[in-house]
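Please read the structure below before turning to the comments.
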């Protein structure tokens, strides 16, 4: 496990729990709107956060912190992720996992071993647009399999998409919402095009100039689950 950063306290990332956030290093995607380029682009990698220091901090916060969010980068790029999550659980923390869904085999194991209490999965685009949106080769069968695993896991969960008008249209968001029918929560979040992986994102012409609230209203009118963040 390679940890690239630690946020020592958060009131918003794990619903209902005061948590710390552990950022793993490495990801197979190159989403232009990624706000953690130091965890994704090897040429910009942040220094590794020493695991002994991480465990020391977490031991000192037992009884204060109730949850740990493991995010990235992409945590499932690390083969030892289940052991890492098990250690967190054994310390008494509830664990939330953020994932892009590219490793359904590992995700299934994590769920089967009951290592997490909450899963948040990013949905980047409708399947036909995935590769172009994340600037990487992707087997969308893995994405669809991970969606099914999360939907039928019995775990608290959410799916989320970052609304980038230069990459996605309202029709695209509607198509995603249809894929997620029956989920606990689907969140559409605004893109903040500063400090992102692709510095040219702000200059890309929009494919859709609709305000995010109009896109949300359209999905709701279709009888589908969505909320705005």
>> Which count do you get for residues in the stretch 99-136 that are in contact with a strand residue (DSSP E or B) (Cβ under 9 Å, 6 or more places away or on another chain) and closer than 17 Å to residue 151 by Cβ?
In response: 14
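Listed here are the residues, each with its yes/no results for (1) within 30 Å of residue 199 (Cβ to Cβ); (2) in contact (Cβ under 8 Å) with a residue 60 or more places away in the chain.
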{"position": "23", "(1), (2)": "yes, no"}
{"position": "43", "(1), (2)": "yes, no"}
{"position": "62", "(1), (2)": "no, no"}
{"position": "78", "(1), (2)": "yes, yes"}
{"position": "87", "(1), (2)": "no, no"}
{"position": "114", "(1), (2)": "no, no"}
> Of all residues in the stretch 196-215, which are without any contact (Cβ under 8 Å) to a residue 60 or more places away in the chain and touching a helix residue (DSSP H, G or I) at 6+ places or on another chain (Cβ under 8 Å)?
Replying inline: 208, 210, 214, 215
> Given the residues 54, 65, 58, 6, which is the only one that is surrounded by 14 or more Cβ atoms within 10 Å (Cβ to Cβ), out of contact with any helix residue (DSSP H, G or I) (no Cβ under 9 Å at 6 or more places or on another chain) and modelled with pLDDT of 95 or more?
Replying inline: 54
>> Here is a check on your reading of the model: is residue 80 surrounded by fewer than 19 Cβ atoms within 10 Å (Cβ to Cβ), under 19 Å from the mean Cα position of the chain (by Cα) and within 30 Å of residue 169 (Cβ to Cβ)?
In response: no
>> Suppose we keep only residues that are more than 14 Å from residue 70 (Cβ to Cβ) and touching a residue at least 40 places away in the same chain (Cβ under 8 Å) within the stretch 100-110. Which one would you say is surrounded by the fewest Cβ atoms within 10 Å (Cβ to Cβ)?
In response: 108
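Residues checked against (1) modelled with pLDDT of 90 or more; (2) within 30 Å of residue 14 (Cβ to Cβ):
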| position | (1), (2) |
| --- | --- |
| 161 | yes, yes |
| 164 | yes, yes |
| 171 | yes, no |
| 174 | yes, yes |
| 179 | yes, yes |
| 187 | yes, yes |
| 202 | no, no |
| 210 | yes, no |
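The values are calculated or read from the model by the stated rules, or taken from the named source; none is laboratory data. From a predicted model like this one, the values you see are computed outputs, not experimental measurements. Every residue, glycine among them, receives a Cβ derived from its backbone with ideal geometry; neighbour counts consider all protein chains shown.
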